[in-house]
Structures are given as C-alpha cells and as structure tokens.
Amino acid sequence: MNVEIQGYYDEKFAAVKEAFRKNFEDDLEVGASFAATIDGKFVVDIWGGYEDAAMTHPWEKDTIINVYSTTKVMTAICVHMLIDRGQLDPSAPVAKYWPEFGQAGKEKIPVGYILSHQSGMAGFEEDIPVEALYDWERIIKMLEKQKPMWEPGKHCGYHAATFGYLLGELVRRITGKTLGTFFREEVAIPLGVDFHIGLAAEHDHRVGELIPPPVLKPGDPGYVDPESMPVIPKKVLGLLTPDAVVRSRDRAWRGAEIPAANGHGNARSVARVGAAMACGGELDGVRLMGLPTIEKAIEEQCHDTDLVMGIPIRYGLGFGLNTKEMPLSPNPRVFWWAGWGGSMTLVDLDARLSWAYVMNKMGGGGAVDMRGPGIAMALYASLA
C-alpha cells in the first residue's frame with residue numbers, strides 16, 4: 001500500500017521515514033505512528049495510513065489507539081514516582097501497604113516481585129469474562145484471596161493482566177488516587193501528553209479501530225501450542241482473542257481503568273513520556289523522578305525463560321532490559337516494553353533517546369513484533 005507519510009522528521013533521520021513507509025509498502029500496516037526524541041526534543045514524529053480496516057478515515061495527527069501492554073510502562077513509571085518520593089519501598093512486603101493482600105501465602109511477597117513478574121500472581125485462578133476486568137473491586141478481592149502460582153521469587157512469569165491491578169492498588173492505597181487519575185494528574189497533564197488510562201467519552205471520535213491479529217494454526221510462524229505451556233497462562237489466553245479486540249472498541253472497555261492493557265495514546269505521547277525518563281527523569285521543568293531511581297529500576301531482577309511467554313527475557317523493576325537474545329539497542333542502559341499486536345516503546349539512557357511505535361493492524365506471531373524495532377534500527381543507524 002502506498003501512503004503519504006505525514007508529520008515531521010529531521011533530515012538526518014530520513015531513513016527512519018523510509019523504514020516506516022516500507023512497512024506500508026509491504027502491506028504490514030493499515031495505520032501507524034512513530035516518534036523519537038533525543039535530549040527531550042522530537043527528531044521524528046510521523047504518521048500515515050488509515051484509522052479503520054475499511055481504509056475510509058485517514059490516520060490523523062491526533063489519532064489515538066489502544067496500545068495494550070505498552071500501558072505497563074506508564075503504570076511502572078507511576079510506581080517509581082512513589083518510590084522516588086519515599087512513599088513506596090520495592091523491598092517491602094506488598095502487605096505493608098495493602099494488608100488484605102497478605103493472605104494465601106502472599107504475606108512476604110515484596111513489591112519488587114510484582115514489578116519484575118516474579119510474584120507468582122501471573123493470572124487468575126478462575127476463568128473470567130472480559131467484562132470482569134472493568135470491575136476493579138471484583139478483581140482486587142479475587143487477587144487478595146488467590147495463592148501464588150509458583151514460589152515467589154523462584155521464577156519469572158509475565159503478569160499480563162494482573163500487573164496493572166496489583167500495582168494500581170498499591171498506588172491507590174498510598175495516594176488515595178486510582179492509577180488512571182494519578183497518571184493523568186502527575187504525568188499526562190504536566191507533560192502535556194495525549195495518553196489516557198481510562199478514556200473519557202469525549203475522545204472516542206479520535207480512537208482508531210484495532211484490527212485483530214490473524215488466528216495462528218499449527219505450523220504458522222509464532223504459533224504456540226497451549227498444551228505445551230504451563231497451566232498458568234491459560235486463564236489469560238482467553239482474554240487474548242479476536243473477540244477481545246472487538247470488545248476493546250466498546251465504551252465500557254475504553255472508560256475502565258485497566259493499567260496493564262487499556263491505555264490509549266499515539267507514538268508522540270508515549271515517546272514524550274519516554275523522553276522525560278531518557279533525560280534522567282525530568283523534562284521541560286517537570287520532574288517525574290531522579291536518575292538514581294531510574295538506574296535502580298533497570299537493575300536486573302530476573303534473567304530466565306519466562307514461564308508464561310516461554311521465551312528468554314530479562315526483567316528490571318517494571319521494564320524489560322536489553323539481552324543478547326533480543327538486542328534492541330547497542331547501548332546497555334536501555335529499558336522497554338511492548339503491547340499485544342505490536343505497539344512498543346524504548347528508552348535509552350546512554351543516548352538520551354526514546355522512541356515509540358503505535359499501530360492498528362495487530363501482528364500475530366512472536367513475542368516482539370519487528371515492525372517497530374525495524375524502524376528503530378534505522379534510527380540508530382542514523383546516529384552513527
């Protein structure tokens with residue numbers, strides 16, 4: 001598909017625009033945006049294609065989309081802001097701040113085990129419908145009563161849906177604010193970013209249409225046999241279906257606060273939050289946290305095969321870290337995360353760089369969709 005790429009890019013990064021364009025030419029995209037910052041300034045902010053599968057509405061400058069687990073970066077940043085302020089200790093038990101959590105063998109689980117996906121609370125013991133995710137109290141009470149799925153601290157296993165509720169409840173217990181409210185008041189408004197965890201109806205007309213990923217069959221690249229996986233993720237897999245993508249277009253999904261999965265934004269908004277982190281925690285006079293807090297956040301907590309995703313991964317406190325298996329940057333002080341379908345963001349402290357990629361055509365195979373990293377390769381090559 002030939003599309004007009006709109007937006008701004010520094011001529012030094014013309015190759016980034018061409019890499020972005022090539023994804024459309026190779027029919028990998030319907031609509032997407034990519035943005036990158038260096039020293040807190042945008043060097044790339046581009047978009048193209050269409051908001052909808054029928055290709056009738058162009059992707060606009062202010063189009064936003066559900067980025068699924070890229071939302072976790074925003075949630076983790078909120079938690080680290082409390083750590084930076086001395087209100088939350090990652091080595092302290094979760095039950096210190098949330099007493100009801102301390103039952104069913106969870107009395108000693110430290111906050112850091114949730115951030116690093118080591119708590120054993122990777123999913124739900126019971127099958128739940130998508131609508132249950134809209135009911136904060138129902139989910140919290142379920143997690144309070146639930147036992148860890150493995151010995152906490154012994155393994156890592158991706159907390160796909162529970163990450164946001166567990167950390168969000170800690171934020172609520174400490175500040176009295178929901179995670180979405182805290183993010184809006186303490187991050188989004190001060191930085192002027194168009195990212196929402198709990199989207200107001202007034203923004204619905206700007207939301208792009210997510211296009212479900214293909215259903216993979218045995219033999220397809222990226223296919224994983226559910227029977228080969230631990231019991232742990234099967235309750236989560238039911239939430240990662242084409243039907244769930246269609247449900248994510250509903251007002252109920254958009255308006256709920258699901259801090260692991262239903263953030264809405266575009267590449268510009270995600271990259272600007274990343275820019276504050278890349279610049280040591282402060283941007284344009286807005287301080288999120290200090291550099292020592294960020295450096296502590298990217299200390300390795302677990303480097304193992306993830307029990308849920310079945311791939312080698314290296315976790316810090318709330319973020320993925322660079323690995324030999326998945327070298328996303330030539331620099332060591334890097335942290336990142338990605339969302340179901342392909343959205344992704346990365347912060348590079350060494351280059352004082354951030355980038356973000358957001359799209360509506362969801363990819364179906366592999367733990368990390370290579371559309372965004374492929375554009376980022378052109379970004380890094382332009383720096384050489």
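The values are calculated or read from the model by the stated rules, or taken from the named source; none is laboratory data. For clarity, every value in this text was computed on a predicted model and none was experimentally measured. Counting neighbours? That spans all protein chains shown, and the Cβs are built from the backbone with ideal geometry, glycine included.
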Checklist outcome for this item: Cβ pairs under 7 Å, 6+ apart or interchain, first in the range 181-207 and closer than 18 Å to Val67 by Cβ and touching a residue at least 12 places away in the same chain (Cβ under 8 Å), second among the charged types (D, E, K, R) and not in a helix (DSSP H, G or I), ordered by first then second residue, are Asp194/Asp62; Ile197/Glu257; Gly198/Glu257; Arg206/Asp62
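Could you check how many residues of the range 1-49 are among the aliphatic types (A, V, I, L, M) and surrounded by fewer than 18 Cβ atoms within 10 Å (Cβ to Cβ)?
Going residue by residue through the range 1-49, those that are among the aliphatic types (A, V, I, L, M) are 1, 3, 5, 14-16, 19, 28, 30, 32, 35-36, 38, 43-44, 46.
After this cut, where a residue has to be surrounded by fewer than 18 Cβ atoms within 10 Å (Cβ to Cβ) as well, the list is 1, 5, 14-15.
So the count comes out to 4.
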Checklist outcome for this item: Going through (1) under 30 Å from Gln301 (Cα atoms); (2) without any contact (Cβ under 8 Å) to a residue 40 or more places away in the chain; (3) assigned to a helix (DSSP H, G or I) one by one, His80 fails only at (2)
Checklist outcome for this item: Only unsatisfied item for Gly280, checking (1) closer than 17 Å to Phe335 by Cα; (2) within 17 Å of the chain's Cα centre (by Cα), is (2)
Next on the checklist: When you check Tyr113 against the structure, is it of a type in the set (Ser, Thr, Tyr) and over 16 Å from Tyr315 (Cβ atoms), yes or no?
Outcome noted: no
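Given the criteria small (Gly, Ala, Ser) and modelled with pLDDT under 95, does Gly316 qualify? Spell out how you get there, then give the answer.
Values: small (Gly, Ala, Ser): yes; modelled with pLDDT under 95: no.
Judged against the criteria, Gly316 is not a match.
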Checklist entry - For the range 131-145, does any single residue satisfy the condition of being in a loop (DSSP other than H, G, I, E, B) and surrounded by 18 or more Cβ atoms within 10 Å (Cβ to Cβ)? => result no
Checklist entry - Does the range 83-101 hold any residues that are outside any helix (DSSP H, G or I) and touching an Asp or Glu at 6+ places or on another chain (Cβ under 9 Å), and which are they? => result Pro93, Trp98
Next on the checklist: Tally up the residues in the range 228-258 that are part of a helix (DSSP H, G or I) and modelled with pLDDT under 65, please.
Outcome noted: 5
Checklist entry - Quick one: is Phe124 under 26 Å from Thr241 (Cβ atoms), in contact (Cβ under 8 Å) with a residue 60 or more places away in the chain and among the aromatic types (Phe, Trp, Tyr)? => result yes
Next on the checklist: Against the condition surrounded by fewer than 22 Cβ atoms within 10 Å (Cβ to Cβ), among the β-branched types (Val, Ile, Thr) and touching a strand residue (DSSP E or B) at 6+ places or on another chain (Cβ under 8 Å), how does Thr345 come out, does it pass?
Outcome noted: no
Next on the checklist: Quick check on the range 1-34: of everything there that is without any contact (Cβ under 8 Å) to a residue 60 or more places away in the chain and of a type in the set (Ser, Thr, Tyr), which residue is nearest to Met377 (Cα to Cα)?
Outcome noted: Tyr9
Item to check | Condition check for Asp52: in a loop (DSSP other than H, G, I, E, B) and either surrounded by fewer than 21 Cβ atoms within 10 Å (Cβ to Cβ) or not aliphatic (A, V, I, L, M) (or both) | outcome: yes
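Please determine, by comparing only the residues of the range 101-130 that are hydroxyl-bearing (Ser, Thr, Tyr) and in contact with a strand residue (DSSP E or B) (Cβ under 9 Å, 6 or more places away or on another chain), which one is surrounded by the fewest Cβ atoms within 10 Å (Cβ to Cβ).
We begin by selecting, within the range 101-130, every residue hydroxyl-bearing (Ser, Thr, Tyr); these are 113, 116, 119.
Pick out the ones that are also in contact with a strand residue (DSSP E or B) (Cβ under 9 Å, 6 or more places away or on another chain) and you get 116, 119.
Details: Ser116: 23, Ser119: 26.
So the residue we want is Ser116.
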Next on the checklist: With of a type in the set (Ser, Thr, Tyr) and farther than 18 Å from Met344 by Cα as the only criterion, which of Thr56, Thr75, Thr70 stands out?
Outcome noted: Thr56
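Looking only at the range 300-318, how many residues end up being crowded, with 17+ Cβ neighbours inside 10 Å and not aliphatic (A, V, I, L, M)? Quick ask: steps written out before the conclusion?
Restricting attention to the range 300-318, the residues satisfying the condition of being crowded, with 17+ Cβ neighbours inside 10 Å are 301-302, 306-309, 313-318.
Keeping just the survivors that are not aliphatic (A, V, I, L, M) gives 301-302, 306, 314-316, 318.
Residues in the range 300-318 being crowded, with 17+ Cβ neighbours inside 10 Å and not aliphatic (A, V, I, L, M): 7 in total.
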Checklist outcome for this item: Filtering the range 154-181 for residues that are small (Gly, Ala, Ser) and either over 21 Å from Glu100 (Cβ atoms) or surrounded by fewer than 18 Cβ atoms within 10 Å (Cβ to Cβ) (or both) leaves a count of 4
Next on the checklist: For the range 364-384: of the residues being surrounded by fewer than 20 Cβ atoms within 10 Å (Cβ to Cβ) and in a loop (DSSP other than H, G, I, E, B), which is farthest from the chain's Cα centre (by Cα)?
Outcome noted: Ala384
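Condition check ((1) at pLDDT 95 or above; (2) within 27 Å of Arg254 (Cβ to Cβ); (3) of a type in the set (S, T, N, Q); (4) more than 24 Å from the chain's Cα centre (by Cα)) across all residues:
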site: Gly86; (1), (2), (3), (4): yes, no, no, yes
site: Ala95; (1), (2), (3), (4): yes, no, no, yes
site: Val111; (1), (2), (3), (4): yes, no, no, no
site: His117; (1), (2), (3), (4): yes, yes, no, no
site: Glu125; (1), (2), (3), (4): no, no, no, no
site: Gly153; (1), (2), (3), (4): yes, no, no, no
site: Leu170; (1), (2), (3), (4): yes, yes, no, no
